[in-house]
Amino acid sequence: MEDKREKGNNIIVGHQSPMERGMGSPQDDDNGSPGMRTAETLLRLLPVTLSVVALVVMLKDSQANDDFGSVSYSDLGAFRYLVHANGICAGYSLLSAILVAVPRPSTLARAWIFFLLDQVLAYAILGAGAVSTEVVYLAYKGDQAVTWSQACGSFNGFCRKATASVAITFVVMLCYAGLSLISSYRLFSKYDAPVGYNNKGIEIAAFRA
């Protein structure tokens, strides 16, 4: 509740601090309307399926060749990282979807936790996709500067599965980009716009007609 009183030509407005506003009341729902909560829950569940698919495709990615031996995802650190990142992402997505689906009181701490974890997962999955893309590119094109020949001519099946897993991983990244925007909005909407603030309230100059 704001407290207004006139003082000369100015109006003094008592105002809650950002922390007071951010804590909210027990009746406030952190996830907005039921429709919005359902949409966010589905958006959080989607990466579960996608991450598991990307993970399984990569885990099964191996090929043997009579002339050049065999190759497996575990031979490449970038692909191992992609598997781990997708596994963590699937677990977090499922847990966060359950938490979002259940209506809970709005708190600043809860908003900060979702914001930070969504950001961490978004960058982790982006990093996994980016470094794996570089490896797939080198497997297809090679690098003449370091006399690294392309390998997909001999291990075509391996390259196709790796490409599919990386592509799915980037779809997961897009989901987390959207979730990061949502959690950012939920967090920073709890704070007031930057204004001059003191213990006596906000002083707003009155304009004469």
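Some observations on this one:
- Selection from region 156-179 of residues that are touching a helix residue (DSSP H, G or I) at 6+ places or on another chain (Cβ under 9 Å) and aliphatic (A, V, I, L, M): Ala162, Ala164, Val166, Ala167, Ile168, Val171, Val172, Met173, Ala177, Leu179
- Matching residues in region 93-108 - criterion: being farther than 13 Å from Thr38 by Cβ, open to solvent by 70 Å² or more (accessible area, probe 1.4 Å) and part of a loop (DSSP other than H, G, I, E, B): Arg104
- Checked against (1) at pLDDT below 95; (2) under 23 Å from Val56 (Cβ atoms), Gly142 passes all but condition (2).
- Set Leu116, Leu59, Leu55: member being open to solvent by 30 Å² or more (accessible area, probe 1.4 Å), farther than 30 Å from Ala151 by Cα and either of a type in the set (A, V, I, L, M) or in contact with a helix residue (DSSP H, G or I) (Cβ under 7 Å, 6 or more places away or on another chain) (or both): Leu116
- Residues in region 153-181 that are buried (at least 22 other Cβ atoms within 10 Å of the Cβ) and not hydrophobic (A, V, I, L, M, F, W, C) were compared, and the one that is nearest to Asp61 (Cα to Cα) is Ser165.
- Count of region 149-204 residues which are under 33 Å from the mean Cα position of the chain (by Cα) and at pLDDT 75 or above: 37
- Comparison of Gly87, Gly69, Gly77, Gly91 shows that the only residue that is among the small types (Gly, Ala, Ser) and at positive phi is Gly69.
- Qualifying residue in region 28-41 (condition: touching an Asp or Glu at 6+ places or on another chain (Cβ under 8 Å), modelled with pLDDT under 85, assigned to a helix (DSSP H, G or I) and over 26 Å from Val171 (Cα atoms)): no
- Residues of region 72-83 satisfying the condition of being open to solvent by 30 Å² or more (accessible area, probe 1.4 Å) and in contact (Cβ under 8 Å) with a residue 24 or more places away in the chain: Tyr73, Leu76, Tyr81
The values are calculated or read from the model by the stated rules, or taken from the named source; none is laboratory data. Keep in mind it's a predicted model, so treat the numbers as computed, not measured. With ideal geometry, Cβ positions are generated from the backbone for all residues, glycine too; neighbour counts draw on all protein chains shown. We work out accessible area using only protein heavy atoms, side chains counted, and drop any ligands, DNA or RNA first. Shrake-Rupley method; radii C 1.70, N 1.55, O 1.52, S 1.80 Å.
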